[in-house]
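Working notes, structure below.
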Amino acid sequence: MISLARLNSNTFMSNWRWIRLLAVIAVGSLIVSCKKEQVEPYKKWGFSKPDYFPEPVYNFDNNKQTFQKFTLGRELFYDPFLSSDGTVSCASCHANSHAFAGHNTALSPGVNNLLGTRNSPSIANMAWSPSFMWDGGINHIEVMPIAPLTNPVEMNETLANIIAKLQQSEKYKKLFKEAYGTEDVTDQRVLKALTQYMMMIVSNNSKYDQVKHGEATFTDAEQQGYELFQQKCSQCHTEPLFTDYSFRNNGLDQSFSDGGRFLITQNENDKGKFKVPSLRNVALTYPYMHDGRYYTLNDVLNHYATGVQHSSTLDPLLENGIPLPGNEKTLLIAFLNTLSDYHLMTDFWLAEPKH
Amino acid sequence: MKNTFKLGFIALALSAIAACKKDKIEPTDSATLGTDNVVLKIEHTWQDSLEFQLNTDLVNPLTGDSLNFTTFKYYISNIRLKKADGSWWTQPNSYFLLDLSAQGTTPSMQLTGVPYGEYTEVEYVLGVDSTRNVSGAQDGALSPSLGMFWSWNSGYIMLKAEGISPNASMGGSFAFHLGGFSGVNNVVTKKSHTFVGNSLSVSGNGHCQIHLEAAPQTLWQTVGSVSGNSMIHMPGSGAKTMSDDFFGSFEFEHIHE
């Protein structure tokens, strides 16, 4: 109850809705707490680096973390009002129920059901990512939202319109005032608030993490799968974030309809290279690859075992594919399943705000 | 207590007298004396002598193209002024988006709080320094809502020149979005101009101006006619060549006080 009491006294005062909600929770948890401590959010609010994670790339030096900015960011993230026709929000393609990836479709529909060309990735652990998008074209998380907000096949809005719409909203006037001291809406404020919300999407409570903390143990199959993973996959999908953030061609195609990293660097040697995706929550975020071509982990493993296509930019590590004889696929999948973080999907702070 | 007050008073009075005296003897020597605004203006010319105009058919003497500009904007940043003693005054948070369709073809930049003194040189950056290209959401002149930031390939569009031309390869219109802040195709350029032996004395009259001149037609000096290429929308060698040529055309014109 300590964290709730603290928040109650200094950050929520001006927000009646929250106070009401908290009061309900507080009373609820008082009743329940005699038996079980379940109602309280499983972790305290605030960004903190899990001890075995590297230092995050994002620091809050120019965007001091406050609960009010986070709250504003969460409202914006879930609000379809930001899109040109009021139908699509960030959460439409990055749903908490899907570990912040798309709704298990290869491509995610934007306004007017238009489709882009790439699969919506999970946006957990963005605080550690040095670049964004499958091709790494975006260099800072704060400017990341500009792309979906303005992309004609995603939210199809201009920043100027978004500012104008928010400025007319009583709800947002209040939220901006609480977050920044004045009602002024600027794109910088919108972007920094969205960032505050996104930085809190930290996935570090899967079985894998619990094993790291000595709170759980792998089954034999999971343990063997883990060892195989370390031998065969971790050069690229490096622990604990399960990516080294490099751009590589893992042999999906011989010629490339999507140039990937090449589109950003214009370097021929980057053709067909994409950012190594994190495998956290991978069992939940099918379909797979930049274009969502594979629907099951088994398909992915078959690709690595027997389907690797040769081209001049194929990663040297995959020259002979990754042989996975006997029951190795089953074991690897057993391990990959331990990367699912069910707490993340029900996280109290990250869920859609209830009004 | 009383004594400290008295002492303080005397000190104040003395320094006031000293300041006045000094003022008379050496009116422009010390930065502590005061500050004034200086205006930096850039005149855009066409064919060396004519005034550059938007929404007007202009013939580029370098390529023969007929060009009618609807948009011409670019960034200037990090303005500094050099004092006669060799030290520099640097404008804090110095970012300007010159938008010729809104500000006319001789846009001005206000340099506020320039300390009194003699100045002999101006330095500035054409484009936005690399730091601000990689530091997340900015505001003011650098706000991404101004349409000068690439959303899918992060970085500022340092210069936008758009319009219509019967010569254009792309359906009668042209759009050059030039940018790039790193590697071989970095277009961000630092320039400086001495006031050719003169000095600008900033002493509080409120009329100090520095005039530069730039020639938009030079964008096509090396790359040639828009019939070859009428669109650039990302960093690359084309953007580099065009901006180098245009940025090379900036010249010192005159100062006045």
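Read-outs: derived from the displayed coordinates by stated rules, not from any lab. Computed from a prediction, not measured in an experiment: that's the story for all the values here. Note: ideal-geometry Cβ built from the backbone for every residue, glycine included; neighbour counts use all protein chains shown.
Observations on the structure shown:
- Eligible aspartates and glutamates near A:K232 by straight Cα distance, threshold 17 Å, same-chain separation 8 or greater: A:E222, A:D244, A:D299, A:D315, A:E319, A:E328
- Calculated from backbone phi, Karplus (6.51, -1.76, 1.60) coupling profile of segment A:135-147 in Hz, x at Gly/Pro: 9, x, x, 9, 9, 7, 4, 5, 9, 4, x, 4, 4
- For segment A:269-355, alpha-carbon Rg and Dmax in angstrom: 16.3, 55
- Under the Debye formula (equal points on every Cα, no solvent term), log10 I(q)/I(0) of chain A at q = 0.06, 0.09, 0.12 Å⁻¹: -0.24, -0.54, -0.94
- Antiparallel content of DSSP bridges confined to the protein assembly as shown, in %, to 5: 85
- The slack in the chain from A:T296 to A:Q231, taken as 0.36 nm per residue of separation less the alpha-carbon distance, amounts to 21.2 nm.
- Whether segment A:60-202 is rounded, prolate or oblate, judged on the alpha carbon gyration tensor where a/c under 1.5 counts as rounded: oblate
- For a label point 7 Å along the Cα-to-beta-carbon line of B:E118, residues of segment B:74-88 with backbone N under 19 Å: B:81-88
- Relative contact order for segment B:97-216: 32 percent, from Cα pairs under 8 Å spaced at least 6 residues apart, divided by residue count.
- Legend: P(r) of segment B:34-256 from all alpha carbon pair distances, 10 Å bins from 0, whole percents, reading 8, 33, 34, 19, 5, 0.
- Residue order, fewest to most surrounding Cβ atoms within 10 angstrom, among B:D129, B:D85: B:D85, B:D129
- The relative contact order of segment B:155-241, computed from alpha carbon pairs under 8 Å that lie at least 6 residues apart in sequence, is 40 percent.
- Spin-label model, A:F348 to B:D57: label points 7 Å out along the Cα-to-beta-carbon direction sit 7.2 nm apart.
- If R0 is taken as 45 Å, the Cβ-Cβ distance between A:H103 and B:E43 corresponds to a FRET efficiency of 0.20.
- Look at the alpha carbon pairs under 8 Å that are at least 6 residues apart: their mean separation over the length of chain A gives a relative contact order of 19 percent.
- Whole-number Å³ per residue for the convex hull built on Cα positions in the protein assembly as shown: 218
- Greater than 25 Å apart at Cα, pairs in A:K49/A:K212; A:K192/B:K73; A:K44/A:K64: A:K192/B:K73
- Using the Cβ of B:S145 as centre and a radius below 15 Å, the other residues enclosed give a net charge of -1, where K and R count +1 and D and E count -1.
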